[in-house]
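The structure appears right after this line, and notes come after that.
The values are calculated or read from the model by the stated rules, or taken from the named source; none is laboratory data. This structure is a prediction, so every number in the text was calculated from the model and none was measured. Here the Cβ positions follow ideal geometry from the backbone for every residue, glycine too, while neighbour counts run over all protein chains shown. These accessible areas exclude ligands, DNA and RNA; they are computed on the full protein's heavy atoms, side chains included. Shrake-Rupley method; radii C 1.70, N 1.55, O 1.52, S 1.80 Å.
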Amino acid sequence: MTPLRLPAGNFRVKSTEKGRLIFDQIRKKFVHLTPEEWVRQHVVFWLLSRKRIPHSLINVEKQLNVAGTKKRYDILVFNKDGSIYAVIECKAPQIKIDQTVFDQIARYNLALESEYLMVHSISDH
């Protein structure tokens with residue numbers, strides 16, 4: 001996988017007949033290791049290890065309803081009172097961050113009403 005500008009975690013990765021899987025600490029299960037998932041797991045590791053956000057205040061890949069359409073956010077970080085602190089959108093390193101990506105996370109935020117929005121895809125290339 002592509003090196004990222006985030007702290008390297010000690011990720012549990014395994015190969016199966018269905019492909020490579022990575023263990024998600026928040027969902028507590030192995031998930032398919034796609035380039036976007038690689039970014040998402042690094043961001044989760046950064047939130048847990050560097051920002052010291054408790055597992056209980058992080059939510060990963062859940063469905064939400066945006067203007068009658070089912071969507072899935074990447075990461076939510078909650079405040080202790082249950083309000084949403086941050087919505088984090090992760091993109092594979094090769095995906096260009098452009099206005100379309102910012103529009104996507106802004107649409108999600110219409111339903112979520114977060115304090116902060118974050119988009120992540122940064123690689124060393």
- Message: Would you confirm, using the coordinates I've provided, whether Leu110 is of a type in the set (A, V, I, L, M, F, W, C) and either modelled with pLDDT of 95 or more or in a loop (DSSP other than H, G, I, E, B) (or both)?
- Response: no
- Query: Looking at Arg52, is it in a helix (DSSP H, G or I) and not hydrophobic (A, V, I, L, M, F, W, C)?
  - Reply: no
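If the requirement is being open to solvent by 30 Å² or more (accessible area, probe 1.4 Å), within 15 Å of the chain's Cα centre (by Cα) and among the aliphatic types (A, V, I, L, M), which of these qualifies: Leu48, Leu76, Leu117?
Working: Leu48 fails: open to solvent by 30 Å² or more (accessible area, probe 1.4 Å); Leu76 fails: open to solvent by 30 Å² or more (accessible area, probe 1.4 Å).
Only one candidate qualifies: Leu117.
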- State the number of residues belonging to segment 97-114 that are of a type outside the set (S, T, N, Q), touching a residue at least 12 places away in the same chain (Cβ under 8 Å) and open to solvent by 20 Å² or more (accessible area, probe 1.4 Å). 7
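Would you mind finding the one in Pro54, Pro93 that is in contact with a helix residue (DSSP H, G or I) (Cβ under 9 Å, 6 or more places away or on another chain) and free of Cβ contacts under 8 Å to residues at least 12 places away in the same chain?
Details: Pro93 fails: free of Cβ contacts under 8 Å to residues at least 12 places away in the same chain.
Pro54 is the lone residue from the list that is in contact with a helix residue (DSSP H, G or I) (Cβ under 9 Å, 6 or more places away or on another chain) and free of Cβ contacts under 8 Å to residues at least 12 places away in the same chain.
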- Query: Quick check, is Ala86 at negative phi, open to solvent by less than 20 Å² (accessible area, probe 1.4 Å), part of a loop (DSSP other than H, G, I, E, B) and touching a residue at least 24 places away in the same chain (Cβ under 8 Å)?
  - Reply: no
